[in-house]
1. If I take R0 = 60 Å and measure r between the Cβ atoms of B:Asn5 and A:Lys125 in this structure, what FRET efficiency does the formula 1/(1 + (r/R0)^6) give, to the nearest 0.05?
2. Of all the Cα-Cα pairs you can form in the range A:2-250, what percent are over 33 Å apart?
3. Would you mind giving the mean number of other chain beta-carbons within 10 Å of the Cβ of each residue in A:92-102, as a whole number?
4. Mind checking the alpha-carbon convex hull of the range A:206-251 and giving the volume per residue in Å³?
5. Just to check I understand the Karplus step: with θ = phi - 60° and J = 6.51 cos²θ - 1.76 cosθ + 1.60, what whole-Hz values come out for the range A:118-135, glycine and proline as x?
6. For a quick check, take a GNM of chain A with Cα springs below 10 Å and name the residue from A:Lys152, A:Lys25, A:Lys111 with the largest mean-square fluctuation.
7. In the neighborhood of A:Phe62, defined by Cβ-to-Cβ distances under 15 Å, what is the net charge if each Lys or Arg adds +1 and each Asp or Glu adds -1?
8. Assuming a ≥ b ≥ c are the square roots of the Cα gyration tensor eigenvalues, decide whether the range B:88-182 counts as rounded (a/c under 1.5), prolate (otherwise, with a/b larger than b/c) or oblate.
Amino acid sequence: MLEINNLRANINGKEILKGLNLKIKEGEVHAIMGPNGSGKSTLSSVIAGREIFEVTAGEIIFHNKNILNLTAEERANEGIFLAFQYPIEIPGVSITNFMRAAVNAKRLYNKQEALSASDFLKLMKEKQKLVELTTSLVNRSVNEGFSGGEKKKNEIFQMAMLEPSLAVLDETDSGLDIDALRIVANGVNKLKNPNNSYIVITHYQRLLDFIVPDFVHVLYDGQIVKSGTKELALELEEKGYDWIKDEYHNK
Amino acid sequence: MNVENFIGSVKVTDNAAFIENTEKRKALHESLKLKSFPKVKDEEWRFTKVDSIFDKAYMIPSIDKDFTIEKYINAKDYAGVVCYKNGFVIKIEVTDLNFIIEPLSKIDNSFDNIFKTQEQVFVELNNYFAVGGVNIVAKKNAIISKPLLILYIIDKDNVISSPRNVINIEGGANVSIEEKILCNSKIESLTNALSYINIEPNATLNYYKIQTGSDICNLFDTTYIKQQADCNLNIFTLSLKGRFLRNNLRIKLDGNGANANMYGLYIPKQNEHVDNLTYIEHAMPNCDSNELYKGVLNDSSSAVFSGKIMVCKDAQKTKAFQNNKNIVLTNTAKINTKPHLEIYADDVKCSHGATVGQLDEEALFYLRSRGIAKDDAKQLLINSFIDEVVNNISYEPIKDYVKESISQKI
Ligand SMILES: Nc1ncnc2c1ncn2[C@@H]1O[C@H](COP(=O)(O)OP(=O)(O)OP(=O)(O)O)[C@@H](O)[C@H]1O
Ligand SMILES: [Mg+2]
């Protein structure tokens with residue numbers, strides 16, 4: 001469903017992604033690990049269509065379509081979702097209004113009618129439960145004054161509302177306490193089905209105990225430098241990245 | 001053009017209509033002769049040129065009472081209505097008898113010289129040309145939930161109108177006043193309005209200025225307010241439309257424990273220009289003032305904010321806050337903002353600040369990444385920015401009207 005070929009991307013003239021390749025099939029979970037600053041969040045942003053990154057080469061094929069020319073909102077409506085590493089606070093925009101606009105934008109895109117107010121609220125309630133997000137939180141402005149963990153839960157709540165076919169979870173586990181990690185991971189697992197896929201970016205094995213990946217990749221210096229199965233994550237946890245870096249630089 | 005030539009150029013249809021008598025007008029004329037229109041070298045007019053406005057020929061028509069209020073408003077929403085048409089008071093209707101409203105029969109000078117200002121020429125021009133004015137009293141301890149409406153209608157070409165409101169809110173009263181200017185869109189006009197407001201001890205006044213002018217209207221609006229002990233003021237200056245809008249709002253906290261909240265909003269587009277001058281004087285101890293003005297500028301519009309807080313020597317335990325925030329949507333829009341604080345007392349809490357920025361790119365991406373179209377995402381962010389002002393409007397029908405007008409424009 002997703003195929004990234006030789007992707008190169010710059011920010012402010014500095015190349016961050018340097019010929020990246022990745023292939024994901026329906027129903028698969030891919031974990032991406034890698035040292036700080038290697039380009040993981042950049043890859044997420046480029047997939048989601050953030051314009052401050054300039055794509056200089058390559059392609060991103062999603063459901064057989066090159067999406068590089070699509071806007072961020074078009075990609076979202078095509079079924080791509082990014083759970084941000086650092087969800088931004090938007091004072092004055094209520095989560096309810098925000099989600100209503102998002103859900104109905106997607107329905108419009110798919111030539112469906114807008115949800116009625118009561119159906120929408122029902123949907124909100126149902127998805128809130130999934131990540132155990134309280135109503136008092138949902139009635140507030142987007143992420144405003146949320147704790148780090150609440151922000152991450154809110155990302156997964158939004159994902160549940162929008163039911164994407166490809167979700168990129170950028171360090172969704174960071175900032176979560178042990179219980180919250182379990183809640184979020186359970187939420188993700190409940191949403192998993194044979195048709196949707198996940199890219200899970202993380203630094204730690206503990207998330208992968210809950211969301212078990214089919215493949216694990218190491219992103220280093222703007223490229224996927226190593227891929228393997230879930231055992232690779234355990235090996236990284238044990239040995240760190242030095243051996244990978246050595247392998248890469250000796251090539 | 002100098003002031004004398006300007007006065008000479010105004011065509012007057014009915015000389016008997018003026019509020020002020022001939023003698024007094026002669027004296028005003030003598031005084032005005034010595035004055036000039038503000039220049040950009042005047043501190044309070046640095047970013048607003050007025051010359052071209054006074055180069056035109058204006059006229060004062062004869063009174064035209066033809067008026068169907070239903071065309072403009074739903075009278076049931078109000079406790080009373082004062083309607084000016086082209087500067088003449090053509091209707092005074094009071095449904096709540098706790099408001100007493102009478103036509104002004106002569107100019108009230110009780111506020112003269114309360115502030116030393118650079119807009120004295122506009123005050124005198126208003127006195128000189130006024131053909132309509134009202135005296136409004138809200139009776140002692142009256143609590144009135146519906147607002148009183150003061151409506152300015154301009155529908156004749158090249159009219160200069162000089163409405164004048166003298167308002168007294170008696171002790172303990174709690175009332176609201178909405179002032180609205182409506183201009184026929186095809187008409188060039190100049191409105192030079194003047195309001196004097198006195199708020200007695202323990203009274204509360206909510207005052208809404210809703211400026212919905214036209215693409216070719218010019219408005220100078222001068223409001224002087226005196227607040228006595230323990231009274232409250234919430235004043236909104238909502239500049240929604242108008243080619244040229246200049247607001248002079250001056251408040252004197254003249255009694256112990258008085259409280260003023262000043263809110264402003266301007267959303268100019270195309271070539272509109274909005275200039276807000278605010279001045280708040282803490283003359284007595286234990287007073288609070290809180291000021292929030294916000295602007296969203298589009299196209300080649302321009303805006304000015306100059307706000308001054310003056311804390312006098314005796315005004316101990318003053319709390320005074322001022323904030324001006326702006327979003328500039330284009331490269332061609334321009335904002336000049338100048339917050340200003342002058343403190344002569346030592347036991348005070350004051351702060352002021354101003355920001356000018358663009359729409360937050362990160363927030364915009366966040367919204368778009370959820371499928372919300374760029375324009376809708378912008379709209380959401382702009383609304384949330386504006387809501388910080390609009391949500392302070394406590395009277396729902398006015399809040400709804402303002403929100404509706406804003407969403408139509410943006
Ligand atoms: N907006 C930006 N402006 C300039 N440089 C940026 C910007 N965003 C990212 N970079 C740079 O791109 C590189 C990759 O950053 P990125 O955020 O993709 O790393 P990461 O792999 O997600 O790291 P982490 O594990 O710390 O989250 C870094 O060197 C970073 O400084
Ligand atoms: Mg990152």
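1. So, using R0 = 60 Å, E works out to roughly 0.25.
2. For the range A:2-250, the share of Cα pairs beyond 33 Å comes to 17 percent.
3. Average per residue, whole number: 5.
4. 74 Å³
5. With the stated coefficients, the range A:118-135 comes to 6, 5, 5, 5, 4, 4, 4, 4, 4, 6, 4, 4, 3, 10, 6, 9, 6, 5 Hz.
6. Sorting by GNM fluctuation, first place goes to A:Lys111.
7. -3
8. oblate
The values are calculated or read from the model by the stated rules, or taken from the named source; none is laboratory data. All values reported here derive from a predicted model rather than from experimental measurement. Quick reminder, even Gly has a Cβ in these numbers, built from the backbone with ideal geometry, and neighbours come from all protein chains shown. Heads up: the accessible areas ignore ligands, DNA and RNA and are worked out on the full protein's heavy atoms, side chains in. Shrake-Rupley method; radii C 1.70, N 1.55, O 1.52, S 1.80 Å.
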